[in-house]
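Novice: I have a structure I would like to understand better, so I am pasting it below and will then ask my questions one at a time.
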Amino acid sequence: MRRVVDGDTLLLDDGRRVRMVGLDAPELGRNGAPDAPLARAARDHLNTLVELGGGRVALRNGPETHDRYGRQLSIVYTTRHGDLAAHLIENGFALVAVVPPNLDALPCHTAAERRARASRMGVWGLDGGPVTPSTALNRTGFAVLRGRAGVWTVRRNDRLLTLDGGVVLRVRDADRERWFGDTDLERYAGALLEVRGWVHPWSGDRRAITVQHPAAIEVMQPLTPDI
């Protein structure tokens, strides 16, 4: 391996850039922007794991082999530490990212994040932690949001649910049909949700988070019916 690029990306000796699947590490600053908290620590920790493995890694590809940037999508292992993504997540250097169809390691990664959260490891021990209230969202990029949901609306091929603060949770019909199965979307309406994914601009100055799989939505407090 040539070098560790950041907390979730490796550059191999043959020139391939490998994006580890199932996680998102804090971003290193670019173009004058500051590093996200623990971004350098995540990169350095990954580099240490690779060095302890003798600089050699094993790769296992999922159904989707490359992302839109041309990076190879792989679960990355060393003989000493196994799945490096799980190790980073469990130590609080990364968060679980749910990106179908590469979901083979999702149960392992989810369990690792649960342990990190309970032990307040890494990002979970920072002031405020990595969960952003939907009313306080002021950026794009990967995020874990918490907010109260409204009711569903339909826009062309999307189902839309607005969280507190105007953030839109977007489920495309194609993803709903392929990945949500028997999940009743109405269970999310009116509930306090924790949603993870990549935030992108929406109409006007609003923002949206596109969710492809129900594992990216957790109901924190279901709607209580009136009695």
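Novice: Which residue, of His66, His81, His109, is crowded, with 21+ Cβ neighbours inside 10 Å and not small (Gly, Ala, Ser)?
Specialist: Answer to the selection: His109.
Novice: In the set Asp205, Asp184, which member is more than 18 Å from the chain's Cα centre (by Cα) and either polar (S, T, N, Q) or over 18 Å from Val219 (Cβ atoms) (or both)?
Specialist: Asp205
Novice: Right, next: For Asp127, are the conditions met, namely being acidic (Asp, Glu), surrounded by 18 or more Cβ atoms within 10 Å (Cβ to Cβ) and over 13 Å from the mean Cα position of the chain (by Cα)?
Specialist: No; evaluated as a whole, the condition is false for this residue.
Novice: Please name all residue pairs, on different chains or six or more residues apart, with Cβ atoms under 9 Å, provided the first residue is in the stretch 173-184 and is in contact (Cβ under 8 Å) with a residue 40 or more places away in the chain and the second residue is of a type outside the set (Ser, Thr, Tyr) and assigned to a helix (DSSP H, G or I).
Specialist: Trp179/Pro214; Trp179/Ala215
Novice: Do we have Ala85 as closer than 23 Å to Phe180 by Cα and in contact (Cβ under 8 Å) with a residue 40 or more places away in the chain here?
Specialist: It is false that Ala85 is closer than 23 Å to Phe180 by Cα and in contact (Cβ under 8 Å) with a residue 40 or more places away in the chain.
Novice: For the condition over 25 Å from Asp205 (Cα atoms) and modelled with pLDDT under 95, what is the one hit in Gly125, Gly92, Gly82, Gly62?
Specialist: Checking each option against the conditions leaves just Gly62.
Novice: Moving to a separate point now. Check whether at least one residue in the stretch 47-66 is within 28 Å of Arg139 (Cα to Cα), in contact with a Leu (Cβ under 9 Å, 6 or more places away or on another chain), not aromatic (Phe, Trp, Tyr) and not in a strand (DSSP E or B), and report yes or no.
Specialist: Looking through the stretch 47-66, none of the residues is within 28 Å of Arg139 (Cα to Cα), in contact with a Leu (Cβ under 9 Å, 6 or more places away or on another chain), not aromatic (Phe, Trp, Tyr) and not in a strand (DSSP E or B).
Novice: Quick check on my filter: what residues within the stretch 88-140 are in a helix (DSSP H, G or I) and among the basic types (Lys, Arg)?
Specialist: Within the stretch 88-140, Arg114, Arg115, Arg117 qualify.
Novice: Condition test on Ala143, is it in contact (Cβ under 8 Å) with a residue 24 or more places away in the chain, crowded, with 19+ Cβ neighbours inside 10 Å and either of a type outside the set (Lys, Arg) or at positive phi (or both)?
Specialist: Yes; evaluated as a whole, the condition is true for this residue.
Novice: Check every one of the strands (runs of 3 or more DSSP E) wholly within the stretch 143-227 and list those with 3 or more residues that are of a type in the set (Gly, Ala, Ser).
Specialist: Fully inside the stretch 143-227 and qualifying: nothing.
Novice: Pull up the stretch 15-51, narrow it to residues that are of a type in the set (D, E, K, R) and either outside the structural domain of Thr65 (by TED's automatic domain parsing) or crowded, with 17+ Cβ neighbours inside 10 Å (or both), then point me to the one that is nearest to Ala94 (Cα to Cα).
Specialist: Asp24
The values are calculated or read from the model by the stated rules, or taken from the named source; none is laboratory data. On a predicted model such as this, the values are computed, not experimentally measured, just so you know. Cβ: placed from backbone, ideal geometry, glycine included. Neighbour counts: every protein chain shown.
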